[in-house]
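To start, the structure itself, in structure tokens.
The values are calculated or read from the model by the stated rules, or taken from the named source; none is laboratory data. All values reported here derive from a predicted model rather than from experimental measurement. Cβ sites come from the backbone with ideal geometry, for glycine too, and all protein chains shown count toward neighbours. For accessibility, only protein heavy atoms count, side chains too; no ligands or nucleic acids. Shrake-Rupley method; radii C 1.70, N 1.55, O 1.52, S 1.80 Å.
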Amino acid sequence: MTMVLDRSVETAIARLLQIGGRGPDPMETARRISDVYPTLRALSQASVHDLCKIEGMTKKKAEQLLAAFTIGIRYVEEPKASMPTIRSPQDAYELLRDELRLLNQEHFVCLYLNTKNQLIARKTLFVGGLNSSIVHPRDVFREALKLSAACFIAVHNHPSGDATPSREDIEVSERLVEAGNIVGIACLDHVIIGEDHYVSMKQRGYMNG
């Protein structure tokens, strides 16, 4: 798919051009760039010399813009092996087991995933005694939206070593499912980690809403 330089891309370019002090109106310069290079592919193939021909562009600003492209390309080409795939509660358990199973406080972690169930990020959102008033869906989904996650798996440990779900665990699971249905970002499971085992709230039937 060819990405056209629409208004949002022009705005992003303008913000890059603002770096480094005063100069011509960056938004106006960004529009001139989009007139000459109407797609991201075309712009990515431009040289510093080419960009400097555009009114308002300096060598420094051209180098900044192309450096941003280099970073973006490196990110896209980063080996996918660095993004583990989480397809089951067993996968989530194995990823976090050694880190969480022996902690003396409860840690609530969210594994945020893309549409291919590849791990985008893992975030520890709450530490301490967990209950439905502390674990608020707002905080969980705020991170999901920031990351453009397609779905997530919630994980937390029981310092007692017994992964049997509590009433609070059930309430938290139900609230995450309800909020996910509204926001459009599914909570795939809520996994509780004990000392040497885990419980999937999905498999127990607590997340069928």
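Structural remarks
- Share antiparallel - DSSP beta bridges, the chain, percent rounded to 5: 70
- Using alpha-carbon coordinates, inclination of helix 137-147 to the longest axis of the chain, degrees: 40
- Of all lysines in the structure, those lying under 27 Å Cα to Cα from residue 116, and not within fewer than 8 positions of it along the same chain, are 80, 146, 202.
- Backbone geometry of the range 191-199 corresponds, through the Karplus equation with coefficients 6.51, -1.76 and 1.60 at θ = phi - 60°, to 3J(HN,Hα) couplings of 9, 9, 9, x, 5, 9, 7, 9, 10 Hz, x marking Gly and Pro.
- 19 Å Cα-Cα reach of residue 60 towards aspartates and glutamates, excluding residues that sit fewer than 8 places from it in its own chain: 10, 25, 28, 50
- Heavy atoms of residue 187: accessible area, 1.4 Å probe, square angstrom to 10: 20
- Under 18 Å from the Cα of residue 123 - aspartates and glutamates, other chains or at least 8 residues apart: 91, 94, 98, 99, 106, 139, 143, 189
- Ordering 87, 31, 142 by accessible surface, largest first, gives 87, 142, 31; the 1.4 Å probe counts only protein heavy atoms, with every chain in place.
- Computed lengthening from residue 116 to residue 168, 0.36 nm per intervening residue step minus Cα-Cα distance: 15.7 nm
- Taking the 1.4 Å solvent-accessible surface of the range 112-173 as the whole, the part contributed by carbon and sulfur is 49%.
- With Cα atoms, 0 to 90° folded angle of helix 167-183 axis to the chain main axis: 30
- With every protein chain in place and a 1.4 angstrom probe, the accessible-area ranking of 71, 86, 19, largest first, reads 71, 19, 86.
- Sparse packing (at most 14 other Cβ atoms within 10 Å of the Cβ) combined with a DSSP loop state is found for the following GluC sites (Glu not before Pro) in the range 158-209: 195.
- Against the chain, whose longest principal axis comes from its Cα atoms, helix 7-18 is set at around 70 degrees.
- In sequence order, calculated HN-Hα J values of the range 48-56 (Karplus, 6.51, -1.76, 1.60; Hz; x Gly/Pro): 4, 4, 4, 5, 5, 6, 7, 4, x
- Heavy-atom accessible area order for 69, 152, largest first, 1.4 Å probe: 69, 152
- 5 angstrom amide H check on residue 126, placed H, neighbours 5+ away: 108
- For residue 206, solvent-accessible area (1.4 Å; no DNA, RNA or ligand), Å²: 80
- For the chain, the solvent-accessible area with a 1.4 angstrom probe is 56 square angstrom per residue.
- Heavy atoms of residue 107: accessible area, 1.4 Å probe, square angstrom to 10: 40
- Mean sequence separation of contacting Cα pairs (under 8 Å, at least six apart), scaled by the length of the chain, corresponds to a relative contact order of 15 percent.
- Helix-only CD estimate at 222 nm, as mean residue ellipticity for the chain, using -39500 (n - 2.57) per DSSP H run (n ≥ 4): -13500 deg cm²/dmol
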